[in-house]
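Structure first, commentary second.
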Amino acid sequence: MNQEEYIKQEFARAKKNLYKEERKTFGSADKLAEWFIAKLKSQNFSCFYCDTSIFEINKLIESGLLKTRAVRGGGRRGPVLEIDKNDDTYIPENCVLSCYYCNNDKSYTSSKEDYKVYFGRNRHQYFQMLLKNL
């Protein structure tokens, strides 16, 4: 899938699936989807923390080197970037896009800046090593 196809897919997904009660601070489903796509582009389709592109992550998933997690409704966590908030509120200035692996690991354990410096770099190195083994 090329970047334009991915943008269309993610705009529809963000508008439909990400506009939940706690994210109403974005204003509307359209505004959330627009924010998501702008952030996706500004982060170069990569996780804020480990700086690995979602396309590389999907290669690792498809090859069986990374596992995903099932969620209700038949979805999977892993193949898409997720919205991560730095405190208890979803406001655009407070959120970044992260891969499932960083988002799940970071959880509420550290600030986004600390996680990026102390853990994100190592995860990036690990993902790059896995990619070289494909």
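For the chain, what % of the accessible area comes from carbon and sulfur atoms, probe 1.4 Å?
C and S atoms contribute 49 percent here.
Can you pull out the chymotrypsin sites (Phe, Trp or Tyr not before Pro) in the range 46-113 whose DSSP state is coil and whose Cβ has at most 11 other Cβ atoms within 10 Å?
Counting only loop positions with at most 11 other Cβ atoms within 10 Å, the chymotrypsin sites (Phe, Trp or Tyr not before Pro) in the range 46-113 are 108.
Helix 29-42: angle to the longest alpha-carbon principal axis of the chain, degrees 0 to 90, nearest 10?
Relative to the chain, helix 29-42 is tipped by roughly 30 degrees.
FRET efficiency for residue 4 and residue 67, Cβ-Cβ distance as r, R0 = 30 Å, nearest 0.05?
E between residue 4 and residue 67, to the nearest 0.05, is 0.55.
Name the residue farthest towards the positive end of the dipole of the chain from the options 71, 18, 96, assuming +1 on Cβ of Lys and Arg, -1 on Cβ of Asp and Glu, about the Cα centre.
It is 71, whose Cα lies furthest towards the positive end.
I'd like the Karplus ³J(HN,Hα) series for the range 123-134: coefficients 6.51, -1.76, 1.60, θ = phi - 60°, whole numbers in Hz, and an x wherever there's a Gly or Pro.
5, 4, 4, 5, 4, 5, 5, 4, 4, 5, 7, 6
Rounded to the nearest 20 debye, what is the charge dipole size of the range 1-73 about its Cα centre when +1 sits on each Lys and Arg Cβ and -1 on each Asp and Glu Cβ?
Computed about the Cα centre, the dipole is about 340 debye.
Counting only heavy atoms of the protein chains, get the accessible area per residue of the chain (1.4 Å probe) and round it to a whole Å² value.
Per-residue accessible area for the chain comes out at 58 Å².
How much mean residue ellipticity at 222 nm does the chain get from its helices, if each DSSP H run of length 4 or more adds -39500 (n - 2.57) and you divide by all residues, to the nearest 500 deg cm²/dmol?
Using -39500 (n - 2.57) per qualifying helix, the result is -13500 deg cm²/dmol.
To the nearest 10 square angstrom, how much accessible area does residue 88 have with a 1.4 angstrom probe?
Using a 1.4 Å probe on the heavy atoms, I get roughly 130 Å².
In this model, which of 20/85; 59/132; 31/116 are farther than 18 Å apart at the alpha-carbon?
31/116
Probe 1.4 Å, all protein chains in place: accessible area of residue 69 in Å², nearest 10?
For residue 69, solvent-accessible area is about 100 Å².
Excluding residues on the same chain fewer than 8 positions from residue 112, give the aspartates and glutamates whose Cα lies under 12 Å from its Cα.
Reachable aspartates and glutamates: 84, 87.
Can you tally the net charge around residue 92? Count Lys and Arg as +1, Asp and Glu as -1, for every other residue whose Cβ sits under 12 Å from the Cβ of residue 92.
Net local charge, residue 92 excluded: +2.
Taking a ≥ b ≥ c as the square roots of the eigenvalues of the Cα gyration tensor of the range 39-90, is the shape rounded (a/c under 1.5), prolate (a/b larger than b/c) or oblate?
Oblate shape, in that a/c is at least 1.5 and b/c is the bigger or equal ratio.
Rounding to the nearest 20 debye, state how big the charge dipole of the chain is about its Cα centre with +1 on each Lys and Arg Cβ and -1 on each Asp and Glu Cβ.
380 debye
The values are calculated or read from the model by the stated rules, or taken from the named source; none is laboratory data. Values in this document were obtained by computation on a predicted structure and should not be read as measured data. Methodologically, a virtual Cβ is constructed for each residue, glycine included, from the backbone with ideal geometry; neighbour enumeration extends over all protein chains shown. All accessible areas refer to the heavy atoms of the entire protein, side chains included, with ligands and DNA or RNA removed. Shrake-Rupley method; radii C 1.70, N 1.55, O 1.52, S 1.80 Å.
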